[in-house]
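Structure first, commentary second.
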Amino acid sequence: MGGYLGSYATLGLLLAVGVLFFLVAMTANRLLRTNRPSAAKSTTYECGLDPVGGDWAQAQIRYYVYAYLYVLFAVEAVFLFPWAVIFDDPGFGMTAVVEMGIFVGVLALGLLYAWRKRVLQWT
Amino acid sequence: MNGFTIATPAQVLAIDVRLPDLDYAAMAPMLVLFGAACLGVLVDAFAPRQSRHTIQFALSFIALTVALLAVIREARVGSRELTADVALAIDGPTLFLQGTLAVLGIVALLLVGERALEKGGPFVSQAAIPVGSEADRRQAREEGATEVFPLTLFALSGMMLFVAANDLLTMFVALEVFSLPLYLLCALARRRRLVSQEAALKYFLLGAFASAFFIFGMALLYGFAGTVSFGGIHDAALLATTSPLLLFTGLAMVAVGLLFKIAAVPFHVWTPDVYQGAPTSVTAFMAACTKVAAFGGLLRVLYVAFDRARWDIEPVIGTIAILTMLVGAILAVTQTDIKRLLAYSSIANAGYLLVGALAFSKEGLSSAMFYLAAYGFTVIAAFAVITLVRDDDGEATHLSRWAGLGREAPLVAGVFTFLMLAFAGIPLTSGFTSKFAVFGAALGVGEAWPVALVIVGVVTSMILAFPYLRVVVMMWLSEPAEQSPTVAIPGAFTSAALMVGVLATLLLGVFPSPVLDLADRAAEFIR
Amino acid sequence: MTTADVLMLALGAVAVGAAAAVVTTRQIVRAGLWLVVALGSLAGLYLVLSAELVAWVQVLIYVGAVVVLLLFAVMLTRAPIGVSEDLDRSRWPGLLIGGGAGLGLAALLIDAYQWSTVDLADGAGAEEVGAAIFRSWVLPFEVLSVLLLAALVGAIVISRPDVSARVGR
């Protein structure tokens with residue numbers, strides 16, 4: 001085990017340990033605990049008051065726009081990685097900087113628009 | 001089993017660092033539109049509310065005019081080249097279709113920008129506001145959404161890129177750039193919002209599905225050819241060592257994505273609902289410009305990348321063309337809504353265009369391009385008329401409401417009659433010349449499939465004439481209904497769009513030769 | 001079998017199983033969470049195939065951002081948390097089409113490549129991708145930013161809380 005895949009062995013091991021830890025803990029819990037379910041136990045507990053009505057609420061669209069903004073800048077970040085690796089290589093330099101500048105600039109335009117439309121303001 | 005041989009780092013780094021030559025003059029039309037759209041976003045963010053509409057309209061209009069001039073300049077120079085590292089092909093069809101897109105875009109923009117018919121214009125933002133609520137009443141007093149202009153420009157720039165794209169990747173990005181704004185535009189209607197949103201959602205979901213097909217096909221073709229450029233696929237088809245099944249499945253999937261956009265049967269189911277639900281000016285834009293762009297892309301894929309697979313493609317796409325013509329024509333007969341009728345007619349027209357495309361000849365290409373231009377003008381004018389026939393509730397699109405319109409408003413009814421006759425393919429209209437050109441090109445090949453297609457084309461044209469003529473008869477000979485809709489006095493923009501559309505329909509019918517010659521000279525792809 | 005082969009098979013099985021769970025579960029939120037597993041194991045597959053950058057892009061964009069977006073979209077709808085009986089319709093046609101398409105494509109790829117071998121690079125990824133983007137694919141790359149902008153503007157136009165209302169308050 002070496003080379004490329006070996007370099008990920010630690011990560012794989014960590015993942016395996018994490019999954020194992022979760023499984024062992026939950027299984028031990030299940031084996032050791034007593035199990036006497038009742039209707040009262042499965043109601044929502046909120047400061048000792050009886051809950052009234054359903055627990056479902058429609059989320060505000062604002063959350064969605066924020067989540068979308070996150071996607072937008074995640075995509076931008078994803079393109080920044082390969083760019084950061086190569087822009088210093090011979091033959092790229094200024095051109096690559098300008099190209100990335102345009103890309104980031106256009107996305108910044110979107111942020112500017114969102115800001116002016118008060119999407120970024122919560123209240 | 002599979003051994004993993006690891007490439008040395010030196011191999012990885014042995015990269016040719018030559019940057020692509022970008023021919024900015026050839027890319028100018030797209031760049032101008034992209035720039036103007038971005039500027040439009042800024043205008044919407046910063047300009048005062050009252051002046052936004054004026055600024056946006058002027059900006060879009062100027063941008064499209066400049067783009068048109070850039071196309072004309074490029075055509076004068078006679079550019080024939082691949083640029084941006086073969087991502088773009090600037091050749092005759094590209095320039096012809098880009099020019100067509102610019103002109104049709106300007107005419108459609110006139111409709112989109114029209115505000116005389118309805119206070120604040122036909123578009124609103126946040127269309128999810130329930131009818132009758134406080135927010136709704138406030139919105140009724142406000143200016144409509146002006147984001148439609150940058151969105152339209154985004155769509156048009158994507159279309160221009162689409163017809164020029166010379167590899168599947170660029171084509172896919174362009175496909176998304178022109179589709180996404182269209183999905184959004186569909187959802188912004190001020191009137192009949194639920195239908196509008198339903199249309200947008202259907203279009204979006206099915207469109208996303210079609211895009212997924214396209215991209216999967218692209219992956220298979222890459223697996224086949226080791227490249228996504230059309231020239232590369234063309235060469236690989238010749239020297240293939242991999243299974244040709246990969247090529248055909250890839251082509252089939254890419255074709256599904258494209259046939260969805262041109263609304264060919266069986267990928268047409270979205271068309272009637274979307275055409276009906278979208279704001280009418282957007283429908284006009286879609287019917288004219290999307291068709292041009294999508295067909296431009298399809299023609300390039302078929303003629304440049306797959307012309308060697310022609311004999312295998314012909315039966316499949318030929319069957320689709322026959323189905324498209326038949327289903328479009330027959331279902332058009334049963335429609336009771338004028339927008340749905342035009343949607344089915346648009347489906348049938350996609351079939352006629354496929355007849356031209358399947359000729360696989362220079363004449364086939366040029367006639368299809370001519371058809372696209374001619375059909376675009378007529379259909380925009382027809383939808384412009386539909387925006388005029390209104391009652392309290394917005395546009396009266398049910399056919400029964402159009403009864404007796406000839407007495408109420410002879411001029412508008414006359415114009416619509418002319419357009420219907422053009423659709424039906426009566427001589428001295430562009431509908432006749434374009435159908436004649438397409439069928440002629442197919443017959444000129446003199447093989448079994450094209451001839452069969454022409455026969456179906458002629459038969460369906462006769463079927464299709466019936467619903468058109470029924471509308472005409474209804475307008476002139478029926479008694480008006482109890483509460484007949486009023487015909488709004490068109491604003492300057494709508495009048496201009498109507499005038500251009502009708503004149504183009506007439507001129508392309510009477511003196512088609514200049515444009516036919518232009519299309520003929522342009523009809524040569526480069527690889 | 002090499003380690004890579006074992007990993008490929010295991011991750012593939014997880015991906016297929018999770019994807020099946022996405023379309024069969026009756027709880028829409030769980031479908032979203034199963035999607036995380038499916039997309040995550042796909043990222044693992046990319047990693048085994050030594051496409052490191054693509055793998056982490058998969059994690060960052062799809063597992064991270066897109067699923068969050070999906071879950072917010074679910075929360076926007078009137079779908080209650082819990083079992084939705086109307087989530088499934090006509091299982092058999094779905095199974096037939098989905099399974100048929102999957103098997104057909106698998107057969108196609110197996111037929112096309114049979115036992116041909118491909119050498120894998122040493123998991124660099126970023127440099128080739130970077131060079132390819134900024135050398136050959138500059139134009140689609142720049143256009144992508146425009147696409148993202150258009151989508152953002154569209155999302156805001158469609159959903160924008162009424163600005164003037166809050167000015168008046």
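A few points about this structure:
- Among (1) out of contact with any helix residue (DSSP H, G or I) (no Cβ under 6 Å at 6 or more places or on another chain); (2) within 14 Å of chain B (Cβ to nearest Cβ); (3) at pLDDT 80 or above, the one test that A:ALA39 misses: (2)
- If you go through region C:148-161 and pick out every residue that is within 7 Å of chain B (Cβ to nearest Cβ) and touching a Gly at 6+ places or on another chain (Cβ under 8 Å), you end up with 2.
- Qualifying positions in region B:375-413 - part of a helix (DSSP H, G or I) and of a type in the set (Asp, Glu): B:GLU408
- The condition of being closer than 18 Å to A:LEU15 by Cβ, out of contact with any His (no Cβ under 7 Å at 6 or more places or on another chain), within 14 Å of another protein chain (Cβ to nearest Cβ) and of a type in the set (A, V, I, L, M) holds for only one of C:MET1, C:MET75, C:MET8, that being C:MET8.
- Unique match (being over 17 Å from B:GLY501 (Cβ atoms) and buried (at least 22 other Cβ atoms within 10 Å of the Cβ)) among B:LEU110, B:LEU95: B:LEU95
- Filtering region C:11-35 to residues that are surrounded by 14 or more Cβ atoms within 10 Å (Cβ to Cβ) and under 20 Å from A:LEU13 (Cα atoms) leaves C:LEU11, C:GLY12, C:VAL14, C:ALA15.
- Looking at B:ALA284, B:ALA288, B:ALA263, just one residue is assigned to a loop (DSSP other than H, G, I, E, B) and crowded, with 24+ Cβ neighbours inside 10 Å, and that residue is B:ALA263.
- Any pair with Cβ under 7 angstrom, 6 or more apart, that starts in region B:110-126 at a residue that is closer than 11 Å to B:LEU388 by Cβ and ends at one that is modelled with pLDDT under 85 and in a loop (DSSP other than H, G, I, E, B): B:LEU117/B:ALA488
- Single match in B:GLY99, B:GLY120 (criterion: more than 11 Å from chain C (Cβ to nearest Cβ) and at positive phi): B:GLY120
- Residue in region B:156-174 that is within 27 Å of B:SER51 (Cβ to Cβ) and aliphatic (A, V, I, L, M) present: yes
- First in region C:94-113 and free of Cβ contacts under 8 Å to residues at least 40 places away in the same chain, second anywhere and among the small types (Gly, Ala, Ser), Cβ under 9 Å, 6 or more apart: C:LEU108/B:SER243; C:LEU109/B:GLY223; C:ASP111/B:SER243; C:ALA112/B:GLY223; C:ALA112/B:SER243; C:TYR113/B:GLY223; C:TYR113/B:SER243
- For region B:31-57, the set of residues classified as surrounded by fewer than 14 Cβ atoms within 10 Å (Cβ to Cβ), part of a helix (DSSP H, G or I) and not hydroxyl-bearing (Ser, Thr, Tyr) consists of B:PHE46, B:ARG49, B:GLN50, listed by residue number.
- Residues that are among the polar types (S, T, N, Q) and either assigned to a helix (DSSP H, G or I) or over 30 Å from B:SER400 (Cβ atoms) (or both) within region B:469-515 comprise B:THR494, B:SER495, B:THR505, B:SER513, listed in sequence order.
- Residue in region B:96-112 that is part of a loop (DSSP other than H, G, I, E, B) and over 27 Å from B:VAL228 (Cα atoms) present: no
- Which listed residue, of B:THR249, B:THR227, is among the β-branched types (Val, Ile, Thr) and within 13 Å of B:LEU168 (Cα to Cα): B:THR227
- You will find that of B:LEU518, B:LEU453, B:LEU464, the residue that is part of a helix (DSSP H, G or I), under 25 Å from B:LEU405 (Cα atoms) and at pLDDT 90 or above is B:LEU464 and no other.
- From the options A:LEU5, A:LEU11, residue that is surrounded by 10 or more Cβ atoms within 10 Å (Cβ to Cβ), in a helix (DSSP H, G or I), within 12 Å of chain B (Cβ to nearest Cβ) and at pLDDT below 90: A:LEU5
- Tally of residues being surrounded by fewer than 19 Cβ atoms within 10 Å (Cβ to Cβ), touching a residue at least 60 places away in the same chain (Cβ under 8 Å) and either in contact with a Leu (Cβ under 8 Å, 6 or more places away or on another chain) or of a type outside the set (D, E, K, R) (or both) across region B:291-313: 2
- Single residue of B:GLY231, B:GLY223 found to be assigned to a helix (DSSP H, G or I), farther than 29 Å from C:LEU149 by Cβ and touching a strand residue (DSSP E or B) at 6+ places or on another chain (Cβ under 9 Å): B:GLY231
- Residue match in region A:94-102 (condition: at pLDDT 90 or above, within 12 Å of chain B (Cβ to nearest Cβ) and in contact with a helix residue (DSSP H, G or I) (Cβ under 9 Å, 6 or more places away or on another chain)): yes
- Filtered residues of region B:58-80 (kept if surrounded by 21 or more Cβ atoms within 10 Å (Cβ to Cβ) and either under 21 Å from B:GLY144 (Cβ atoms) or within 14 Å of chain A (Cβ to nearest Cβ) (or both)): B:SER60, B:ALA63, B:LEU64
- Taken over region B:268-280, the criterion of being part of a helix (DSSP H, G or I) and more than 13 Å from the chain's Cα centre (by Cα) is satisfied by B:TRP270, B:PRO272, B:ASP273, B:VAL274, B:GLN276, B:GLY277, B:THR280.
- Pairing residues of region A:75-92 that are within 12 Å of chain B (Cβ to nearest Cβ) with residues that are polar (S, T, N, Q) and surrounded by 19 or more Cβ atoms within 10 Å (Cβ to Cβ), at Cβ distances under 6 Å and at least 6 apart in sequence or on separate chains, gives no pairs at all.
- Test for B:GLN139: is it within 11 Å of chain C (Cβ to nearest Cβ), part of a loop (DSSP other than H, G, I, E, B), without any contact (Cβ under 8 Å) to a residue 60 or more places away in the chain and touching an Asp or Glu at 6+ places or on another chain (Cβ under 8 Å): no
- Candidates in region C:11-47 are the residues that are outside any helix (DSSP H, G or I) and more than 14 Å from every other protein chain (Cβ to nearest Cβ); of these, the one that is farthest from C:VAL59 (Cα to Cα) is C:ARG26.
The values are calculated or read from the model by the stated rules, or taken from the named source; none is laboratory data. Here the structure is a predicted model, which means the values were calculated and not measured. A quick note on method: Cβ atoms are made from the backbone with ideal geometry, for glycine too, and the neighbour counts reach across all protein chains shown.
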